[in-house]
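In what follows, a structure is listed as structure tokens, so that the remarks can point back to it.
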Ligand SMILES: Nc1ncnc2c1ncn2[C@@H]1O[C@H](COP(=O)(O)OP(=O)(O)OP(=O)(O)O)[C@@H](O)[C@H]1O
Ligand SMILES: [Mg+2]
């Protein structure tokens, strides 16, 4: 297991967001975490990536306990996330946003990278090559100089994916990457996620679009009111009566704008 979460609990005052869950994410898989609005999915991601301290329980990455570590230190280990709400710099171009992702992994100062743009040195060229590679990978090659704020919503989500990939993740956590995408953008996203996995990056996905989830996941975890109610293959989870009752049976690919 590249990631192990043990007896994780998060309470906000009287609200139990996560009520004591344990699970693992196997290296080299696409593992999805699904469940109704408010089930605790984002809260779990926040704890894993250091944005939220748990009330109880712990997180291990590759055998090292990382519970309570600061986000940048966790990112430096290769646990890189995207956010449910956009985290792009709207006034920066596609290319400049991707440079911020290179910074996440701590390899180059963000400000330095921006200031030195245009100077022709081996280091800048290497950075630009890497930025170019991920921009091309997500299919935004023609948008390199476009401001993030000027991109259609679906392409903003692809840019968020590119920024995360620029940080060279070993474990990539995606919080509703398909929200706001058109059907064709979602199928392109599904193909991209599978290519990411095939490149050896483990993917941990939170997503409400069940077609997307069931099409690409090696394993599915189901949260409901902060409790893990299922953990299995796509087929096992789709047939699980409790999962159908709590989530799938509601017929929804629910997302919030
Ligand atoms: N900072 C916070 N303070 C208080 N309550 C919070 C906080 N963050 C989350 N919660 C509550 O914890 C519960 C779980 O929220 P969370 O955002 O993890 O759900 P989710 O599964 O990601 O839902 P969605 O699918 O809508 O994104 C909800 O009841 C939410 O209102
Ligand atoms: Mg959420």
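The values are calculated or read from the model by the stated rules, or taken from the named source; none is laboratory data. Everything numeric here is computed off the predicted structure, so don't read it as measured data. Please note: Cβ atoms are built from the backbone with ideal geometry, for glycine as well, and neighbour counts cover all protein chains shown.
Points worth noting:
- Any hit, the range 154-168, residues being within 26 Å of residue 3 (Cβ to Cβ), part of a loop (DSSP other than H, G, I, E, B) and at pLDDT below 95: yes
- Within the range 63-85, the set of residues being part of a loop (DSSP other than H, G, I, E, B) and touching a strand residue (DSSP E or B) at 6+ places or on another chain (Cβ under 8 Å) comprises 66, 67, 77, 78, 82, 83, 84.
- Residue satisfying condition, being on the phi < 0 side of the Ramachandran plot, in contact with a strand residue (DSSP E or B) (Cβ under 7 Å, 6 or more places away or on another chain), within 16 Å of ligand 2 (Cβ to nearest atom) and touching a residue at least 24 places away in the same chain (Cβ under 8 Å), within set 212, 221: 221
- Residue within the range 197-216 that is more than 22 Å from residue 37 (Cα to Cα) and assigned to a helix (DSSP H, G or I) present: yes
- Any hit, the range 57-74, residues being in contact (Cβ under 8 Å) with a residue 40 or more places away in the chain, surrounded by fewer than 18 Cβ atoms within 10 Å (Cβ to Cβ) and within 16 Å of ligand 1 (Cβ to nearest atom): yes
- Residue match in the range 146-158 (condition: within 16 Å of ligand 2 (Cβ to nearest atom) and either under 26 Å from residue 218 (Cα atoms) or in contact with a strand residue (DSSP E or B) (Cβ under 9 Å, 6 or more places away or on another chain) (or both)): yes
- Odd one out for residue 88, checked against (1) crowded, with 17+ Cβ neighbours inside 10 Å; (2) within 16 Å of ligand 1 (Cβ to nearest atom); (3) part of a loop (DSSP other than H, G, I, E, B): (2)
- Among the residues making up the range 2-55, a single one is assigned to a strand (DSSP E or B), away from ligand 2 (no atom under 16 Å from the Cβ) and in contact with a helix residue (DSSP H, G or I) (Cβ under 6 Å, 6 or more places away or on another chain): 30.
- Given (1) away from ligand 2 (no atom under 16 Å from the Cβ); (2) part of a helix (DSSP H, G or I); (3) assigned by TED's automatic domain parsing to the domain that holds residue 127, index of the condition residue 189 fails: (3)
- Enumeration of residues in the range 217-232 that are more than 20 Å from residue 197 (Cα to Cα) and outside any strand (DSSP E or B): 225, 226
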